[in-house]
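*Asks:* Dropping the structure in here first, questions after.
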Amino acid sequence: QAADVTDNSNVCWLDVLIEDKLPAYCLPPAAAAIDCDKLPYDFDPLNSEQMTKLFGTASGSDNCPGFTVTELTPVTDGLNDCGYGKLVRRFQVADGKGLTSTNKCEQIITVKEQHNYKIKFPKDASANCGIPQVDTVEVKELGCDLLAISVKDDKFTASGDECYKIFRTYRVINWCEYDGISDPVTVSRDEDCDGKPGDEDVWVIVKTVEKTDPCTDYYGQAPASYYSHVWYDRDSNPFNLKPEAGVKGKNCEYESNPYGFWKEVAPITENETKDTDSYPKGYYGNHCDDMASTGFWQYTQVIKVYDNVKPVISFPVMDAFCSYSSDLAKNCPAPVSINFTIDENCTPKDLTVKLILDAYKDGITDGDITHLLTGTYPHYTIKGDFPIGSHEIRVSVKDGCGNQAGLAIPFEVVDCKAPSPVCINGLAVELMPVVPAADVDGDGDKDKGATAVWASDFIASPSYDCTGSVTYSINRVGEAVKPDQTGLTLTCDDDASLLVEIWAWDGRGNGDFCETYVLVQDNGGNCSGGTGSVAGLIVTEEDNTLQNVSVEMSGGSFQTMKTKVDGYYHFSGLSSGYDYTITPQLDAQPMNGVSTFDLVLMSKHILGIKVLDSPYKMIAADVNNDKKISTLDVIALRKMILNIDSDFKNNTSWRFIPVKYVFPQPSNPWKEVFPEVINLNNVQGLMDDKDFIGVKIGDIDLNAKVNLLTAETRNARGLFHLQMTEQTFIPGEVYRIAVSSAQLDAVQGFQFTLQLDNRQLELVDIEYGIAQPGNLGLQAVADGLITASWNKMGENRTTGEAPLFTLVVRSLGDGQLSKIVSLSNRLTVAEAYDHEDGLMDVGIDFQAGQVLTTNFELLQNVPNPFRETTTIRFYLPEAAEGTLSVHDATGKTLKLVRSAFTQGQNELTLQRQELPASGVFYYKLTAGEHTATRKMILVD
């Protein structure tokens, strides 16, 4: 409002904006100091409420009322792990407008180092054996301390009646006090100076005290502002009356002790002298001393260990040990393994074990056999060869304290090997007349002819045994064995060719046998009213007797019989003057003696390379019985080998030709029809030369098994290798498996059965190569079996570059080729034939397979790239703990699997949702010492 002198006035209005642009001011609390041992147990510098209670809080000022104080996060870097150092609290004040203080507002808190701990070093002790359980070091942490204890035992031999001594050295480090370089302060074992080291506990008590006197220490160095006051005491309280004053001996210190402790190390006061001669090191008065605490203490406790207990030896009940040796000169020794245990409660590592043998338990020592001892405490084994008989091993044990124990371990070695008799190959006997007829064999029938045979008659060479002389017994095959039956009575009831077992027995009742036969002859016609008889042998071209041939006699009478192992047939009691026909027949086991090698020989004959050298071999090669040898015979026989045909279409398994028949043209046995029977006219008396030669159809190399005595010999002198490339299968995928060989040039032919696991693979197709359809048999493919037979035709050489054939298969499950495909003898025996007509075994080389099963390998994920899921597979040479991790291009881990993986194939499945987005990722496998990384791609 304005007015002039005449009172004229006027009024105007305006708005005034009042602003506060001055920040508040923060006033920190005063700096503080506190001993670290005065802080609460749950002290937390980040707990502002606790910090306010302990050290106060800040205040502030502002030009306007209404401000607030906030405590910021403190700076704790100045505090060490022991809890002392400097701590900086920070504050900030804000006014009502939100303006905050800009001045530095900090409170510095000094947490002072305070050590307050007690250590009890234990007195000497004694113990009975084992690891002594005696008093040990004891510590009490009352201040800002972190004590660590180490114990080291040194073992020494005894000087008294104890077994040994342990010098147990304790070292105690206060990591909140130790400077890391000082040597330990060694506490005396005789702090009470009574001349009896280690007779009582020693307490070391350390407490930090302020030091205000500027004296120097023993070496003239200026002291710190604080000092660790140290007492050596009988108990943990240096301010009581234990020990009483003056009880300390004077032979190790200048003066005795005051009340409450043995000695102390403390700062000098102003009234004390610094004369080091008056106050030597370790003296108990108040003075500067270099024996003040370094935070590193050492003390040695002596423990005497006593042991008067003997070791205990024990062994389990043992059966007799069997000897299968034939070494009579050494009384047929047997390997013996005897286990025993020793129980020693004191010095198991210091045992001395000695073994003494008492052979045959005759009380005579036969030598030290400690060298036969193996094993470690508490289980031991004696291994050695010992002869037949009862023996004893005396075990003596001495422990580390001189205690001895002994025990005799009896054992027995017995003969378990039966003698092996060697029989002659058959024996012919003649039935003698029994007049008048009588029951000589005890079967209730009267016998007209009889004879006796003895077991010893059949022994080709005598047997020797470890348990004395050998006896023999005899029985018909199929009859009960009677060790005391040394002979047999044979009559007309027995077969003309009688199989018998000859047993050899030793003194312990062990027995074994050989089988042979008796040719029972009745040339005198004692067994029937007739006087005629016909007999003969049926043999092969190589004169091997043929068993199980059905021989039929027809004509004046009809009889039939089967040949035994001797190939002999005999018909007796024939009416004289009649005509008879002898017809052998055997149509069984058509594959007996048949192999691809027979095809090799047939092919060479057909091509004129090497003509078959006998009419019997030519008859064997005429498989289809068309009176000639041609490729058709090769095809027919190969079908048998491949298991396509099960028998001969136009032929029998065996053909029989009289021995006396002479082929008019041996190079063409079909020049005329050869006989296969023997016709006999007007039979009179004995006719025993009616022999036949048996021809096995298809067996050109004469290796058929013709009787029980035929030895099966298979002396392979090499290995024919088939090659396949190792593959790993994934379900639903189609694979090609090429079968080849680099050795085709080295063989004349081969055959085998290839077995596929039809649970894992399905055969889709076969791509033929060197082997054509006629070389493979697929009759049993439903069982996973494929047969193969191949041989060269002529002298043409064939390289192994092209595959023999290729299998096209579909995988039905996860698998590995070498685990799914193998060779078998189930249908066609696996064998090959070199150019010297030698036999070879057949094997498969999986050329990459060994890598997958014996080495570590991380495989590419399948499928890759992938959209939804993918499978990661890997192989481990042994079971191992491992990790599989998935990373992005920056190295960030997206998935981590830790597991105990098995030996062989392992797999893990990865889902799309486990990865952030499409792109390139890496997966890494680490198992044991093996590591591998691969790349995979996820697409949209």
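No lab work stands behind these numbers, since they all come straight from the coordinates. Just so you know, these numbers come straight off a predicted model, no measurement behind them. Glycine gets a Cβ as well: all are built from the backbone with ideal geometry, and neighbour counts include every protein chain shown.
*Asks:* Using the count of nearby Cβ atoms within 10 Å as a rough guide to exposure, how do 638, 717 rank from fewest to most? Could you put the intermediate results ahead of the total?
*Replies:* On the way: 638 25, 717 10.
Starting with the residue having the fewest Cβ neighbours, the order is 717, 638.
*Asks:* Among DSSP beta bridges lying fully in the chain, give the percent that are antiparallel, nearest 5.
*Replies:* Values: 214 of 244 bridges.
Here the share of antiparallel DSSP bridges comes out near 90 percent.
*Asks:* Against the longest principal axis of the chain, how steep is helix 596-606, in degrees 0 to 90 to the nearest 10, with axes from Cα atoms?
*Replies:* So the inclination is approximately 50 degrees.
*Asks:* How much net charge surrounds residue 243 when only the other residues with a Cβ under 9 Å from the Cβ of residue 243 are counted, with Lys and Arg +1 and Asp and Glu -1? Present the calculation step by step, with values, prior to reporting the outcome.
*Replies:* Details: positive: 234, 242, 248; negative: 192, 233, 235, 244.
Once all neighbours under 9 Å are counted, the net charge is -1.
*Asks:* Using a cut-off of 15 Å between beta-carbons, work out the net charge of the residues near residue 891 (Lys and Arg +1, Asp and Glu -1, residue 891 not included). List each step's numbers first, then the result.
*Replies:* Details: positive: 892, 895, 924, 935; negative: 888.
Around residue 891, the surrounding residues sum to +3.
*Asks:* Give me the dipole magnitude in Debye, nearest 20, for the range 505-626 about the Cα centre, with unit charges on the beta carbon: positive for Lys and Arg, negative for Asp and Glu. Intermediate results must be reported in sequence, preceding the final value.
*Replies:* Details: 6 positive and 15 negative charges, 10 e Å.
Roughly 40 debye, rounded to the nearest 20.
*Asks:* Further question on the same structure: Output the peptides 334-344, 181-191 sorted from most to least packed, where packing is the average of other Cβ atoms within 10 Å over each peptide's residues. Let's see the in-between values first.
*Replies:* Details: 334-344: 17.9, 181-191: 15.3.
Ranking the peptides 334-344, 181-191 by packing returns 334-344, 181-191.
*Asks:* Using 0.36 nm times the number of residues separating residue 371 and residue 878, minus their current alpha carbon distance, what extension gain do you get?
*Replies:* On the way: separation 507, 0.36 × 507 = 182.52 nm, distance 3.62 nm.
That pair, residue 371 and residue 878, stretches by 178.9 nm at full extension.
*Asks:* Oh, and also: Expressed in nm to one decimal, what extension gain is obtained for the pair residue 97 and residue 554 from 0.36 nm per residue of sequence separation less their Cα-Cα distance?
*Replies:* Details: separation 457, 0.36 × 457 = 164.52 nm, distance 13.96 nm.
Stretched fully, the residue 97-residue 554 segment lengthens by 150.6 nm.
*Asks:* Shifting gears a bit: What's the magnitude of the charge dipole for the chain around its Cα centre, counting Lys and Arg as +1 and Asp and Glu as -1 at the beta-carbon? Answer in Debye, nearest 20. Walk me through the numbers on the way to the answer.
*Replies:* Details: 78 positive and 132 negative charges, 349 e Å.
Rounded to the nearest 20 debye, it is 1680 debye.
*Asks:* For the range 399-504, which GluC sites (Glu not before Pro) are both in a DSSP coil and crowded by at most 13 other Cβ atoms within 10 Å? Provide the component values of the computation, followed by the final result.
*Replies:* Values: sites: 412, 430, 479, 501; in loops: 479.
Counting only loop positions with at most 13 other Cβ atoms within 10 Å, the GluC sites (Glu not before Pro) in the range 399-504 are 479.
*Asks:* Just order 311-320, 555-564 by mean Cβ neighbour count inside 10 Å, highest at the front, would you?
*Replies:* Details: 311-320: 13.4, 555-564: 16.8.
The packing order, highest mean first, is 555-564, 311-320.
*Asks:* Of 229, 887, 115, how do they rank once you tally other Cβ atoms within 10 Å and put the fewest first? Please report the intermediate quantities before stating the final value.
*Replies:* Working: 229 21, 887 16, 115 26.
Ordered by Cβ neighbours within 10 Å, fewest first: 887, 229, 115.
*Asks:* Taking log10 I(q)/I(0) by the Debye sum over Cα atoms at q = 0.05, 0.11 Å⁻¹ as the quantity of interest, determine which of (i) -0.31, -1.36; (ii) -0.41, -1.48; (iii) -0.73, -1.29 was computed from the displayed structure.
*Replies:* Matching entry in (i) -0.31, -1.36; (ii) -0.41, -1.48; (iii) -0.73, -1.29: (iii).
*Asks:* If you don't mind, there's one more thing I want to ask. Let me know the shape class of the range 482-627, please: from the alpha-carbon gyration tensor, a ≥ b ≥ c as square roots of the eigenvalues, rounded when a/c is under 1.5, otherwise prolate if a/b is greater than b/c, or oblate. It would help to have the intermediate numbers written out before the result.
*Replies:* Values: a/c = 3.52, a/b = 1.37, b/c = 2.56.
Oblate, since a/c reaches 1.5 and b/c is not below a/b.
*Asks:* Can you find, among 504, 760, 901, the residue sitting farthest towards the positive end of the charge dipole of the chain, where Lys and Arg contribute +1 and Asp and Glu -1 at Cβ?
*Replies:* 760
*Asks:* Please compute the net charge surrounding residue 533, taking Lys and Arg as +1 and Asp and Glu as -1 over other residues with Cβ under 10 Å from its Cβ.
*Replies:* -2
*Asks:* Return 110, 893 ranked ascending by Cβ neighbour count within 10 Å, so the fewest neighbours appear first. List each step's numbers first, then the result.
*Replies:* Working: 110 15, 893 10.
Taking fewest neighbouring Cβ atoms as first place, the list is 893, 110.
*Asks:* With labels modelled as points extended 7 Å from the Cα through the Cβ direction, what inter-label distance (nm, one decimal) is found for residue 924 paired with residue 460?
*Replies:* 7.3 nm
*Asks:* Calculated from DSSP H runs of 4 or more alone, at -39500 (n - 2.57) each and per residue, what is the 222 nm mean residue ellipticity of the chain, nearest 500? Can you show the working numbers first?
*Replies:* Working: 6 runs with 47 residues, N = 940.
Taken over the chain, the calculation gives -1500 deg cm²/dmol.
*Asks:* Here's a follow-up. Starting from 0.36 nm per residue, how many nanometres of slack lie between residue 484 and residue 341 once their C-alpha separation is accounted for? It would help to have the intermediate numbers written out before the result.
*Replies:* Numbers: separation 143, 0.36 × 143 = 51.48 nm, distance 4.60 nm.
Here the answer is 46.9 nm.
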